[in-house]
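Written below as structure tokens is the structure these notes are about.
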Amino acid sequence: MSDLGQTEDHIEHVPNSDFTKEIEKEPGGEYIQRCIQCGMCTASCMVATMTEKYRPRKLIQQILLGMREEVLRSELPWLCMTCRQCEERCQEDVSLADIFRAVRNLAAKEGHIPDTVRGVVDKVMEDGWMLKDGYSDFIEDDRDDLGLETDLKWNTEFVRRVKKRYIDGVNKK
Amino acid sequence: MKEFALYTGCTTPVRLPSYEASVKAVLSRLGITLVDMSDANCCGAQYIESVSHKAFVAMSARILALAEKMGLDLLTVCGACSGSIKTVKHELDHDKKLRDEINALLAEEGLTYTGKYEVKHLLQVFAEDIGYEAIREAIVRPYKGVRLSAHYGCHVTRPEEIVQVDDAENPTIIDKIIEIAGGTAVDYVGKTRCCGGPMLGVDPILASRIGRDKIENIRAENVQGIVTVCEFCNLQLTQVQFGDEVEGLDKIPVITLPQFLGPALGIDFDSLGISMNRISPQPVLQG
């Protein structure tokens, strides 16, 4: 989390809806203003059950209050597992997984990406898939024993074009 | 009967090849033909999705376009891939501007996405294309009441209105198949909760706590095994049962659905890769 974790800095701001409007334009962010802060999301969330630092309701509240910098610099939006347990139960159709994904996209654009995420993204956009380095001779033998194809034939060209078009200039500090 | 293009995703071929082999063996036995895809790419789930929505859409769209070129519906066996490709399909089918932009990119290699082919998760193939009756008729060696708990995988069943696999709050497909094969399906607290897998890349300690909570809820029901339909869930629910924190606790075998169903259909253990499981399910599957 090298370039995150700056949440302790005090940032002056007054409540405003600018950040909410920004999120509303993103796919899945449309219904954020329907949130009534009931807390069903936090109550349903396994991450919130296991760590006190993560409260999805509070994170939504911060967005609604316009705390843009605090949210974008925080590691918390990266802790959403996108399991959508909260959404299944939200009576107002607020899609938290989509909202937090939109937040992560914005954070990434502004250089706030956890190191582990950056590492995987670089790997996938180079190799075309995630586990090239993990595909050992030992596993190849297992596949052979199972009668499975050992040449996995992943494409690398397409992801490089996608990276050039959509990620370069985004995934930078 | 029906034919599908098999999209394995990144993880299954390397980390759980027995899942791939058992999917093929079981579906073939039940009359479904699978064709391997070549020249595929990662679906972009979670990681690419987190940094660029457009890049993510492009990657999952290409997989749909490859299946379209093969003239086949697409079969996914991973929860993350299934959720991603279905979500992207939904977006492409409802946003013409986005589809045009992505199609322009795909056109550079002669691919196109029109939306006329389907994408299905493994559970749908069992429930819709094969059907419970045909599975029942194919059982030659039924289990004798072995107690098993189902874990469905978040991205397999949610969001329900988009993925359309099962009832997201009360999923039943795995449970029904357990019962058809002669097992006893056992409910437990937090059945639809996450395995913690998606947290691994961000906070592995937290990921393990979430996975172990699930294991303890299942253990409380005194079951002999856990049945999964996603390699990522399977690996996560297995690995959280190792390490100092769980020293001395009995390990519960984690079995993919086709590995469980295969022996009941008369398929030998070797074809299902049973000996490769980190926690041996042999006592369960022999029962």
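For region B:21-57, the tally of residues that are charged (D, E, K, R) and within 17 Å of the chain's Cα centre (by Cα) stands at 2.
Residues in region B:252-287 that are within 13 Å of chain A (Cβ to nearest Cβ) and surrounded by fewer than 20 Cβ atoms within 10 Å (Cβ to Cβ): B:ASP268, B:PHE269, B:ASP270, B:SER271, B:SER275, B:MET276, B:ARG278. Taking region A:110-132 as the range and being assigned to a helix (DSSP H, G or I) and buried (at least 16 other Cβ atoms within 10 Å of the Cβ) as the test, the residues that pass are A:THR116, A:VAL117, A:ARG118, A:VAL120, A:VAL121, A:LYS123, A:VAL124, A:MET125, A:ASP127, A:LYS132.
Residues that are surrounded by fewer than 24 Cβ atoms within 10 Å (Cβ to Cβ), more than 7 Å from every other protein chain (Cβ to nearest Cβ) and either modelled with pLDDT under 95 or not in a helix (DSSP H, G or I) (or both) within region B:8-45 comprise B:LEU30, B:GLY31, B:ILE32, B:THR33, B:LEU34, B:VAL35, B:MET37, listed in sequence order.
So, of the residues in region A:133-153 that are in a helix (DSSP H, G or I) and out of contact with any helix residue (DSSP H, G or I) (no Cβ under 7 Å at 6 or more places or on another chain), which turns out to be farthest from the other protein chains (Cβ to nearest Cβ)?
Of everything passing the filter in region A:133-153, A:ASP137 is farthest from the other protein chains (Cβ to nearest Cβ).
Counting the residues of region A:108-130 that are within 9 Å of chain B (Cβ to nearest Cβ), under 13 Å from the mean Cα position of the chain (by Cα) and in contact (Cβ under 8 Å) with a residue 40 or more places away in the chain gives 6. List every residue pair whose Cβ atoms lie under 6 Å apart, where the two residues are 6 or more positions apart in sequence or sit on different chains, the first residue falls within region B:233-244 and is in contact (Cβ under 8 Å) with a residue 40 or more places away in the chain, and the second residue, located anywhere, is among the polar types (S, T, N, Q). What qualifies is B:ASN234/B:THR228; B:ASN234/B:THR256; B:VAL240/B:SER208.
When region B:138-154 is filtered for residues that are within 18 Å of the chain's Cα centre (by Cα) and away from chain A (no Cβ under 12 Å), the ones remaining, listed by number, are B:LEU148, B:SER149, B:ALA150, B:HIS151.
The number of residues in region B:4-22 being in contact with a Ser or Thr (Cβ under 8 Å, 6 or more places away or on another chain) and more than 14 Å from A:GLY128 (Cβ to Cβ) comes to 7. Do we have A:THR156 as closer than 30 Å to A:ALA102 by Cβ, over 23 Å from the mean Cα position of the chain (by Cα) and either surrounded by 13 or more Cβ atoms within 10 Å (Cβ to Cβ) or within 7 Å of chain B (Cβ to nearest Cβ) (or both) here? Yes, satisfied.
Test A:ASP98 against the stated conditions and say whether it is in contact (Cβ under 8 Å) with a residue 40 or more places away in the chain and within 10 Å of chain B (Cβ to nearest Cβ).
Values: in contact (Cβ under 8 Å) with a residue 40 or more places away in the chain: yes; within 10 Å of chain B (Cβ to nearest Cβ): yes.
Yes: the conditions hold for A:ASP98.
Set side by side, the residues B:THR172, B:THR157, B:THR192, B:THR184 differ, and just one is facing another protein chain (nearest Cβ under 8 Å) and of a type in the set (Ser, Thr, Tyr), which is B:THR192.
Scanning region B:260-279 for residues that are under 20 Å from B:ASP250 (Cβ atoms) and β-branched (Val, Ile, Thr) yields B:ILE274, B:ILE279.
Candidates in region A:159-173 are the residues that are at pLDDT 95 or above and more than 8 Å from chain B (Cβ to nearest Cβ); of these, the one that is farthest from B:SER18 (Cα to Cα) is A:LYS164.
The values are calculated or read from the model by the stated rules, or taken from the named source; none is laboratory data. Just so we're clear, the structure is a prediction, and the values are computed from it rather than from any experiment. No Cβ is skipped: glycine too gets one built from the backbone with ideal geometry, and neighbour counts run over all protein chains shown.
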